[in-house]
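A short write-up of the structure that comes next.
Bear in mind that the values in this text are calculations on the coordinates, not laboratory data. Note that the coordinates shown come from a computational prediction; the quantities given were computed from them, not determined experimentally. With ideal geometry, Cβ positions are generated from the backbone for all residues, glycine too; neighbour counts draw on all protein chains shown.
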Amino acid sequence: MTDLESLLNDRLAAAFAAVAGEPVDPVVRRSQHADFQADGALPLARRLGRAPRDIAADALGRADLADLVATAEISGPGFINLKVRDDALAGLVGAMSGDERLGVPTAAAPETVIIDYSAPNVAKEMHVGHLRSTVIGDAAARTLDWLGHDIRRANHVGDWGTPFGMLIEHLLDLGETEAAHELSVGDLNGFYRAARVKFDADPAFAERSRLRVVALQSGDATTLRLWRLLVDESEKYFLAVYDKLGVTLTAEHFFGESYYNDLLAPVVDALDGLGLLRESDGALCVFPHGFTGRDGEPMPIIVRKRDGGYGYGATDLAAIRHRTQDLKATRLLYVVGSPQHQHLEMVYQSAREAGWLAAPARAEHIGFGQVLGADGKKLASRAGDTVKLVDLLDEAVARAAAIVAEKNPELDADTRAEVARMVGIGAIKYVDLSSDRIKDYSFNWDRMLSFSGDTGAYLQYTHARINSIFRRGAVSPDRAAAVVLGSPAERALAMELLGFAAVVADAADTLQFHRLTGYLQNLAGAYTAFYDNCPVLKAEGAVRESRLLLCDLTARVIAQGLALLGIEAPERM
Ligand code: ARG
């Protein structure tokens, strides 16, 4: 284990437990005053009836810290300030360098994790909300996968329901070839809107559409074939977006709403058998505990509509049951925009009442805010429409290409195109993942693509600069070299490096990726200070070897950290 914070935490936890006679969180964290500070004594004071300074001193006396800590002092009301021994730091950094996994252990208890994400709707343009879900879900999948969990990606595509009546009729009006063409080139909005306009304006079309819904629900073969065509063409388009975006979602992860069709009737029966169904206005509903509307009335999830059709909620109930009972998942992540929070919580609560979501299984809504334009308003195209995702991605890459060409004219055309792709797509992902996901964030191209500041490009650039040291010096680092921490900047860099495992564990737990990006920024900052103060190629002997190792380890941590976010790190840029 190279995670210094956990090491200190474990040692102090044992000491505090001995003092208190029960488990205690020593509350260890990085500190400005020393290297670490432990505040565990303060909350114990009242319970033990002793002064916190006294408790701190007692715990410190019992703590086995000699191999890790150089000085330990009690300050203020009872904080413990710890300064770590240089040889301990060096030893841990050396161990981290020698480890393929950079000191990050795989999960002690791997779980089956369902990640429900992306989930665009058939024959409708993917919007920036789907972009957010795709980017955040992909980072979650990569991070949890790296930690050894069994990841099941579930792309809950909206591929069923009443709109398909009008969509199929519109398809027939256009002719199959023309319709397939419009959809596969990604004119999804145009297609949907045209169908909608006819539906609203032409009663005969509306009637045909309604009959078509009935035919679809009753499994009419021709209707199903036409429906499949719509779904296939849209999915082709979604896959093209995923490919451009460089995410791990593929065709095998499509588990659209229709996937659960055969499970819906059994779900209704099961809920009925459990006594959880109630009729309301001719519809069958579940009223999960704890949800009331403004009028104080209990709120329903409509399971079967008055016309006999099933809705979005029924599908989510079938999906959750399938995920815990058939797939045996214990962690269910729903990466869905914040407006659906209540819907999801009602689904979880209903599932709990039905016994389909019981410990250790739990469901988490990984919610997120909106994407705004630079003007702070909802992001829209010039015509006021929703922005097409492909256009957004292409623009990011084109802008990055111009910047890369200006910064490094020596790059050959192929490399430049490749770097531009990594920087442009990386910028889109980074801006999304680097802010608290619950909040809205705004697109500001100049800021997003800057090579300095809180951007993906800055981290990529730091990584590429480190690689250029090895190229210039024609050396490769000895990952087993002894680590020498002679200067404060080397020491500070070592401290940052050793924080990696804790931040990855936190990201896996909270899926708050801005803490990981914040960590990588601090690391890049510590590296820059080190590089400004400590010559590397001009140093000699053991110091040079150690500095090369620190450079290499920093580059590896940045690349791995970015990889968890789905961002590539070019060798040069
Ligand atoms: N298709 C939905 C939408 O675009 C998102 C689906 C989210 N996942 C779920 N299991 N409900 O809003």
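Under the combined filter of DSSP loop state and at most 15 neighbouring Cβ atoms within 10 Å, the stretch 394-434 retains these GluC sites (Glu not before Pro): E410. Percent of C-alpha pairs per 10 Å bin in the chain, short distances first: 3, 15, 21, 23, 18, 12, 6, 2, 0. For the stretch 4-84, the dipole from Cβ point charges (+1 on Lys and Arg, -1 on Asp and Glu) about the Cα centre works out to 240 debye, to the nearest 20. Neighbours of F79 by Cβ distance under 14 Å: Lys/Arg scored +1, Asp/Glu scored -1, total 0. Straightening the chain between E100 and D478 buys 134.7 nm, computed as 0.36 nm per residue apart minus the Cα-Cα spacing. Full extension of the segment from R62 to R29, taken as 0.36 nm per residue of separation minus the current Cα-Cα distance, would add 9.9 nm. Cα centroids of the stretch 503-573 and the stretch 29-74: 31 Å apart.
Using DSSP, restrict attention to beta bridges with both residues in the chain and report what percent are antiparallel, rounded to the nearest 5. Taking every DSSP beta bridge within the chain, about 55 percent pair in antiparallel fashion. For the pair D269 and E22, a Förster radius of 56 Å applied to the C-beta separation gives a FRET efficiency near 0.70, rounded to the nearest 0.05.
Taking the charge dipole of the stretch 163-234 about its Cα centre, with +1 at Lys and Arg Cβ atoms and -1 at Asp and Glu Cβ atoms, the residue from G175, L188, W227 reaching farthest to the positive side is W227. The charge dipole of the chain, taken about the Cα centre with unit charges on the Cβ atoms of Lys, Arg (+1) and Asp, Glu (-1), comes to about 840 debye, rounded to the nearest 20. Our compactness index for the stretch 60-110, the C-alpha radius of gyration over the empirical 2.2 N^0.38 Å, is 1.53. Structural descriptor for the stretch 296-363: relative contact order 35 percent, calculated from alpha carbon pairs under 8 angstrom and at least 6 residues apart.
Once C-alpha pairs closer than 8 Å and six or more residues apart are averaged by separation and normalised to the residue number of the stretch 4-84, the relative contact order reads 31 percent. Taking the alpha-carbon centroid of each part, what is the distance from the stretch 295-354 to the stretch 90-157 in angstrom? Centre-to-centre distance over Cα atoms comes out at 23 Å. Based on the Kirkwood approach, the hydrodynamic radius assigned to the stretch 163-234 is 12.0 Å, with every pair of different Cα atoms included. Its Cα centre serving as origin, the stretch 163-234 has a Cβ charge dipole (Lys and Arg +1, Asp and Glu -1) of approximately 240 debye. You can think of it this way: the chain between R50 and N189 has 43.2 nm of extra reach, that is 0.36 nm per residue less the Cα-Cα gap. Which pairs, out of K244/K388; K244/K378; K198/K377; K124/K236; K124/K377, put more than 20 Å between their alpha-carbon atoms? Pairs exceeding 20 Å: K244/K378; K198/K377; K124/K377.
Selection among L498, P409, P339 by position relative to the dipole of the chain gives L498 as farthest towards the positive end (Cβ unit charges, Cα centre).
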